[in-house]
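**Student:** Questions regarding the structure given below will be posed in turn.
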Amino acid sequence: ASHVAVDGLSGTPVPEPCVALLVSGGHSSLLAVTDLIGGIEPMGTTIDDAAGEAFDKVARLLGLPFPGGPVIDRISEGANEHAIDFPRAVMKNQSLDFSFSGLKTAVRNRVTGDGLADGAAANVETSTAVRDLVASFQRTVVETLVDTTLRACRRERVTTVLVSGGVACNRRLRRAFVEAAGVNGLTVFMPSPRFTTDNAAMIAAAGFLHFERGDFAPLDVNADPNWKLGV
């Protein structure tokens with residue numbers, strides 16, 4: 001709920017119902033949202049690595065710094081993202097789940113075959129081969145996330161998308177959603193990059209939604225790290 005609520009920090013009310021894409025190191029999830037606090041239902045999730053985790057593992061293969069998302073985003077700018085045609089997982093029965101394990105394996109095979117493993121390329125962050133490889137990987141992840149989200153919108157018949165989580169600061173992903181919104185007549189809400197990994201801001205945003213509704217905890221409430229919002 002807090003990841004979804006943070007999109008409201010832009011100051012513009014988020015229309016409901018909508019579809020939310022939550023992408024981070026631990027989650028790749030699609031959610032049907034009818035209420036930003038209590039009306040959130042899962043539609044799809046990752047069946048293996050989350051998107052952010054895939055970025056981290058690809059970076060590790062190449063000897064790039066951790067976390068992998070920011071450095072891959074940075075060195076992909078201006079590279080040839082169509083240099084390599086990596087595979088995309090095809091889910092059965094029109095599932096809205098995500099899978100990045102096959103992509104990760106394809107990247108590993110390419111890295112090994114091209115002799116790029118563990119920073120073997122000289123000046124790994126400026127190597128054309130490395131930059132083109134990670135740009136192609138990033139494009140494949142972004143296209144998977146955006147296309148699956150669009151299918152979810154069509155299924156739910158909604159025209160509003162929320163994008164949140166640490167990967168929501170990825171510039172390629174943000175541009176792709178802006179482009180998709182224009183083509184498909186959607187409204188896309190994305191938090192400012194500084195809020196995408198700010199857990200305090202996320203919790204505060206969710207708390208403010210409760211405050212607006214007059215939903216207050218009693219003064220004798222105790223802290224409980226396992227509490228769920230709305231309980």
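No value in this document is a laboratory result; all are computed from the given coordinates. Everything numeric here is computed off the predicted structure, so don't read it as measured data. Counting neighbours? That spans all protein chains shown, and the Cβs are built from the backbone with ideal geometry, glycine included.
**Student:** Once phi is turned into ³J(HN,Hα) by the Karplus curve 6.51 cos²θ - 1.76 cosθ + 1.60 with θ = phi - 60°, what whole-Hz value does each residue of region 155-161 show in order, with x for glycine and proline?
**Tutor:** Values per residue, Gly and Pro as x: 5, 8, 6, 10, 10, 10, 10 Hz.
**Student:** Mind jotting down the three principal axis lengths of region 60-116 based on Cα atoms? Whole angstrom, largest first.
**Tutor:** Principal extents (Cα only, largest first): 37, 25, 22 Å.
**Student:** Regarding region 31-74, what's the average projected area of the Cα-atom convex hull, expressed in nm²?
**Tutor:** 4.3 nm²
**Student:** Now for a different question. Just add up the charged neighbours of Gly26: K/R +1, D/E -1, any other residue whose Cβ is under 14 Å from the Cβ of Gly26.
**Tutor:** So the surrounding residues net to -3.
**Student:** Separate question: For region 143-152, in order, what is each residue's ³J(HN,Hα) by Karplus, 6.51 cos²θ - 1.76 cosθ + 1.60 with θ = phi - 60°, in whole Hz (x at glycine and Pro)?
**Tutor:** Couplings: 4, 4, 5, 5, 5, 5, 5, 4, 5, 5 Hz.
**Student:** What's the extension gain from Lys57 to Ser101 if we count 0.36 nm per residue and subtract their Cα-Cα distance?
**Tutor:** Answer, rounded to one decimal: 14.8 nm.
**Student:** What are the residues whose amide H is under 5 Å from the amide H of Ser28, where those residues sit 5 or more places off or on another chain and H is modelled from the backbone?
**Tutor:** For Ser28, whose amide H was placed from the backbone, the distant partners under 5 Å are Thr46, Ala51.
**Student:** Another question, if that's okay. How do 97-110, 164-177, 54-67 rank on mean C-beta neighbours within 10 Å, highest first?
**Tutor:** Taking the mean over residues of other Cβ atoms within 10 Å, the ranking is 164-177, 54-67, 97-110.
**Student:** Report D for region 47-199 in µm² per second (integer): Stokes-Einstein, Kirkwood Rh on Cα pairs, 25 °C, 0.890 mPa s.
**Tutor:** In µm²/s, the coefficient is 153.
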